[in-house]
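The values are calculated or read from the model by the stated rules, or taken from the named source; none is laboratory data. Predicted model only: the values in this text are computed from it and were never measured. Note that each Cβ is placed from the backbone with ideal geometry, even for glycine, and that neighbours are counted across all protein chains shown. Each accessible area value is taken on the protein alone, full model and side chains, heavy atoms only, with ligands, DNA and RNA left out. Shrake-Rupley method; radii C 1.70, N 1.55, O 1.52, S 1.80 Å.
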Amino acid sequence: MERHSETQGRSALITGINGQDGSYLAELLLEKGYRVYGLMRRKAAADYGNVEHLKDRITLLYADMTDMVSLIRALQISQPDEVYNLAAQSFVGTSWEQPLVTAQIDGLGVTQLLEAIRTVRPACRFYQASTSEMFGKAQEIPQRETTPFYPRSPYGVAKLYGHWITKNYRESYGMYACCGILFNHESERRGREFVTRKITDGAARIRLGLQECVELGNLDARRDWGHARDYVYAMWLMLQQPEPDDYVIATGETRTVREFAGTAFRKAGMELEWSGTGLQEVGREAGTGRILVRVDEKYFRPAEVEILMGDPSKAREKLGWRPRVSFEKLVEGMVRSDLERAGREAACAAGRQARD
């Protein structure tokens with residue numbers, strides 16, 4: 001592992017910097033002495049997202065993954081030693097509603113960025129954010145770097161293109177390019193459209209009387225959940241190796257969505273009891289019988305992915321990487337953060353009522 005003095009003065013460019021992973025990665029690189037540049041899409045009003053607290057310590061550049069000219073300009077300005085491509089249309093549900101946009105950003109956008117790097121900064125090191133969704137209909141359990149891919153959504157298909165084009169540029173042009181096949185990783189910075197954050201946010205709001213129930217889809221889907229802060233550290237480690245390679249990053253353990261919900265509600269001070277099956281299944285509060293979780297078919301995917309579980313052996317052996325945050329601590333931190341935020345929301349609502 002490199003010492004702080006060995007990374008001091010390096011430059012890094014992060015696409016998708018204002019997302020969950022981008023913000024944790026920016027914090028990590030700043031701690032290591034990097035000059036950090038981040039790409040943002042231009043909007044009517046600046047949206048710093050998860051890097052609001054870092055905006056005075058990083059340099060933000062306007063660019064778009066579908067606009068190669070803007071990518072070239074960003075590379076010319078930042079002159080990065082390392083490029084981390086975290087930009088994506090990353091919500092599986094949306095990929096069914098916007099398959100072409102997803103393909104343009106998550107697939108062809110990677111090619112545009114690789115071409116821009118090859119033109120401006122061919123010696124820099126490149127990280128591509130691949131995903132466990134490429135495994136989709138899992139061909140073996142657990143999934144490892146050699147497991148055949150079988151994506152089950154436009155998101156997974158687009159990401160698979162990005163994965164393979166990165167490998168092709170590495171092998172064809174000798175570029176230092178790595179793919180991190182990251183399994184599900186969460187945090188309090190996760191978008192509320194994702195099921196994990198939807199659950200922890202819902203549990204907090206129900207606890208404080210701001211919401212009555214959470215509606216979910218397939219409660220039997222099993223996922224390998226870790227903490228985003230642990231996973232961005234793995235990204236950095238990949239680019240510090242003598243030779244580029246691809247790595248599965250996972251905990252090697254799975255929980256069902258039902259288990260995640262049960263843990264989240266327990267951390268919020270409520271115990272769930274489950275009854276019914278399929279679309280009739282509900283989670284009731286123990287002692288009151290109040291329905292806190294319902295199943296709604298609109299949240300089921302057109303093609304379900306039943307289980308994703310990674311084998312992180314290669315990352316453990318070659319990178320020395322291990323997850324540090326347990327499942328219980330992950331969920332506890334998310335619930336605590338959402339309780340604090342929902343508490344502020346409840347206080348504001350009470351204040352308005354008092355004024356009225």
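DSSP loop (so not H, G, I, E, B), at most 12 other Cβ within 10 Å: list which chymotrypsin sites (Phe, Trp or Tyr not before Pro) in segment 205-297 pass both filters.
none
Could you check the spin-label model distance between R192 and F300? Points 7 Å from the Cα along Cα→Cβ, value in nm.
Distance between the two pseudo-spin positions: 2.7 nm.
Which whole-number percent gives the relative contact order of segment 155-267, counting Cα pairs below 8 Å spaced six or more residues apart?
Across segment 155-267, relative contact order equals 34 percent.
With each run of n ≥ 4 DSSP H residues scored as -39500 (n - 2.57), what mean residue ellipticity at 222 nm is computed for the chain after dividing by its residue count and rounding to the nearest 500 deg cm²/dmol?
Value at 222 nm, helices only, nearest 500: -11500 deg cm²/dmol.
Could you name the lysines in cross-link range of K298, using Cα to Cα under 20 Å and dropping any fewer than eight places away on the same chain?
In chain and number order, the partners are K198.
Taking the Kirkwood radius as the inverse of the mean 1/r across Cα pairs, report the Rg/Rh of segment 304-351.
1.28
Which lysines have a Cα lying under 25 Å from the Cα of K32, excluding residues fewer than 8 positions away in the same chain?
Filter leaves K55, K314, K318.
What GluC sites (Glu not before Pro) in segment 105-210 are in a loop by DSSP, with at most 15 other Cβ atoms within 10 Å of the Cβ?
E140, E145, E193
How much of the pair distance distribution for the chain lies past 34 Å, counting alpha-carbon pairs only, in percent?
Cα-Cα pairs of the chain separated by over 34 Å account for 27 percent.
Considering only DSSP beta bridges with both partners in the chain, what is the antiparallel share in %, to the nearest 5?
20 percent
Just read off the accessible area of V101 with the full protein assembly in place, 1.4 Å probe, to the nearest 10 Å².
That residue has around 70 Å² of solvent-accessible surface.
Convex hull over the alpha-carbon atoms of segment 89-247: what's its volume per residue in Å³?
That works out to 132 Å³ per residue.
Could you tell me what % of all Cα pairs in segment 210-250 have separations over 16 Å?
Above the 16 Å cut-off, segment 210-250 has 59 percent of its Cα pairs.
May I ask you to evaluate 6.51 cos²θ - 1.76 cosθ + 1.60, the Karplus curve with θ = phi - 60°, for each residue of segment 28-36 and list the ³J(HN,Hα) values in order in whole Hz, giving x for glycine and proline?
Each residue of segment 28-36 in turn: 4, 5, 4, 4, 8, x, 6, 7, 10 Hz.
How large are Rg and Dmax for segment 144-203 when calculated on the C-alpha trace, in angstrom?
Answer for segment 144-203, Rg first and Dmax second: 15.6, 50 Å.
Given bins 5 angstrom wide, list per bin the percent of all Cα-Cα distances in segment 238-278, short to long.
Percent of pairs per bin, in order: 5, 16, 14, 15, 11, 9, 8, 8, 8, 5, 2.
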